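The values are calculated or read from the model by the stated rules, or taken from the named source; none is laboratory data. Being a predicted model, the structure only gives us computed values, none of them experimental. Ideal geometry is used to build each Cβ from the backbone, glycine not excepted, and the neighbour counts take in all protein chains shown. Surface areas here come from the heavy atoms of the whole protein model, side chains and all, with no ligands, DNA or RNA. Shrake-Rupley method; radii C 1.70, N 1.55, O 1.52, S 1.80 Å.
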Amino acid sequence: MLEKAIQSWYDKYGQEVKDLAKRLWELSETALEEYESCKLTAKFMEKHGFKVETFNCADSTKPHNTVVATWGSGHPVIGFIGEYDGLPGLGQEVKPYPSPKKGNGQGCGHNLMAPSCGSAAIALKYAMEKEGLQGTIKFFACPAEETVEGKMHMARDGVFDGLDCCMAWHPKYCNLEVRENIQNSLTNMKVEFFGKSAHAASVPFDGRSALDACELMNVGVNYLREHVDPTTRMHYSYISAGEKPNIVPKYAALHYFLRTKDLKYGYEVLERVKKIAQGAALMTETECKITVNVMASGCIQISEFNDFFYEAMKKVPPLTYTEEEMAFATEIFKNVNGREPREGEEVIPTGIKKPTGNHVNAPVSTDAGYLTRLTPTSRLHGWGWVYGTPGHSWGIVSACGHEIGFKAAVHAGMALAQCGFDIAKDPSVIKVWRKNLDEQLAKEGGNIKPIFPERKG
Ligand SMILES: [Zn+2]
C-alpha cells in the first residue's frame, strides 16, 4: 500500500499538481525559453517548503529557465528530474480530434513532468518529516529536453553533482514501466563550407561552390552508412544552401546528427565523418569548418534500482478514469488509429509492467544520458497518452491538457514519492546500485566525457 503520508499529501494537493500541469500546458514555452514555466514551478516548490534557486542554464543574460529546489540535509541525496518544454507549431485545443490553434503545444506531454516529479519531491518531504527520516531531496526542473541539451548544460555546470540517486517520469501510451532501453549517444554538429562566389552562367569556372561541397559530403556519408554499426543513425539538414541559382554559393552549411550505440563509438564515427567533410572540401577546393554543438552520452541501466522502483510502483492505487474521460479518450483513439478499440483493448493504458532486465539499444537519444553515468538513475515512462498516438502530435497535446494526462501526472508522482520513501527508509540499497554503475563505467574504460554545449553570454 502507498505510504499513508504520501497518499494524504496527494489527496490534499493533487488538484494543485493538476493546476500547475494545466498552466504549463497553456504556456507551452519552447526549449530554453521556459521563463514563465520556471517561475510557476519555482513558486510551487517554494510554497511547499523547498529552498529554491532559479537560473538560466544556457544563457545568463536572459530570464531564468531552470529550477533547483532543495529540502533537508545529509545523505541520502535523492534527486527527481522534470521537464516542461513544448514544441513549436503544435498548438491544439483540448478536443478529441485535430483542432489546431496558433502557437506551440505540449506534443510530448512535458507539462506533466515538472508537476509530477516536483510533487513527488514534496510528498516525499512530507512523508520523511512525518517519519523523522534523514536525507536531502532535490528537484530539478530542466529546460530544453526537446533539443537534447538542457541537462547537458546543467551537468556541465555541476548542477547534478552530489546526488546519491535520481528518478524521473515521462508520459507514454503504455503501462507504467522503467525505461529500460539504452538510448543512443548523439553528436549534434554543424559543418560549414567556404568557397568563392561567381556568376553561375558567365564565369562559373571562377567560382568554388560551397553547396557542391555539402552535397558531396552527404553522398559520402550515405556511402558510409553501410560500414558503420547497424545501430548507428546519421541524419542531416541544410542550414544554408546558397541564395539564388545564378550565384555560385560561397557559403553553405549542414546540420548533422550522428547517433551511435555509445560515446566511444560516437567519437570513432565523428572522426570518419570529419574525413568525409575534409574530402568534400578537397574535391571542391573549399574550406570546411566543423563545430560539434553537443555530444550526449547514452544511458546506463541499473537493474537492481529498476527492480526496486517496480516494488514501489506496485503500491500506487489504481489509475482510473470516469466514463466521460473514457469517452473523450476513445474519441481520440478512433481519430488516431482510424478504427474502434478492439474487445478488451486498453484505450489509455493504466497498468504497471515489471522490468525485463533486458537493456536493448534504442535509436533515439536523451540529454539525461550523462546524468545516468553520474549517479544511479531510474526513469519511468507510461500513462497519460491514448494508445497508438504518435509522439509529437495533436493527440498528445490534447490528452496532456486534459484529465487523461493530469491524473497520470498525479499517479506517477505517487510512484516516484514512494520509491524515494523506500530509499530513505533503507539508504543502504544505494550502495549496490552505485557499485553496479561503477562496474559498468570501468568496463567502458571510465566515464567517457561527452562534449558539453558552450555557455553563451
Ligand atoms: Zn519527451
Which one of A213, A168 is modelled with pLDDT of 95 or more, crowded, with 18+ Cβ neighbours inside 10 Å and assigned to a helix (DSSP H, G or I)?
A213
Candidates L90, L32 - the one that is more than 25 Å from Q15 (Cβ to Cβ), in contact with a helix residue (DSSP H, G or I) (Cβ under 6 Å, 6 or more places away or on another chain) and open to solvent by 10 Å² or more (accessible area, probe 1.4 Å):
L90
Name the residues in the stretch 190-204 that are closer than 26 Å to V228 by Cα and surrounded by fewer than 22 Cβ atoms within 10 Å (Cβ to Cβ), would you?
K190, E192
Determine which single condition A21 fails, assuming it passes every other condition in (1) part of a helix (DSSP H, G or I); (2) hydrophobic (A, V, I, L, M, F, W, C); (3) out of contact with any Cys (no Cβ under 9 Å at 6 or more places or on another chain).
(3)
Residue among T41, T54 that alone is under 19 Å from the mean Cα position of the chain (by Cα), among the β-branched types (V, I, T) and either within 19 Å of A144 (Cβ to Cβ) or surrounded by fewer than 21 Cβ atoms within 10 Å (Cβ to Cβ) (or both):
T41
Subset of the stretch 105-123 that is polar (S, T, N, Q) and closer than 25 Å to S393 by Cα - its residue that is farthest from the ligand (Cβ to nearest atom)
S116
The stretch 134-148, subset open to solvent by less than 40 Å² (accessible area, probe 1.4 Å) and more than 16 Å from the ligand (Cβ to nearest atom), residue farthest from the chain's Cα centre (by Cα):
G135
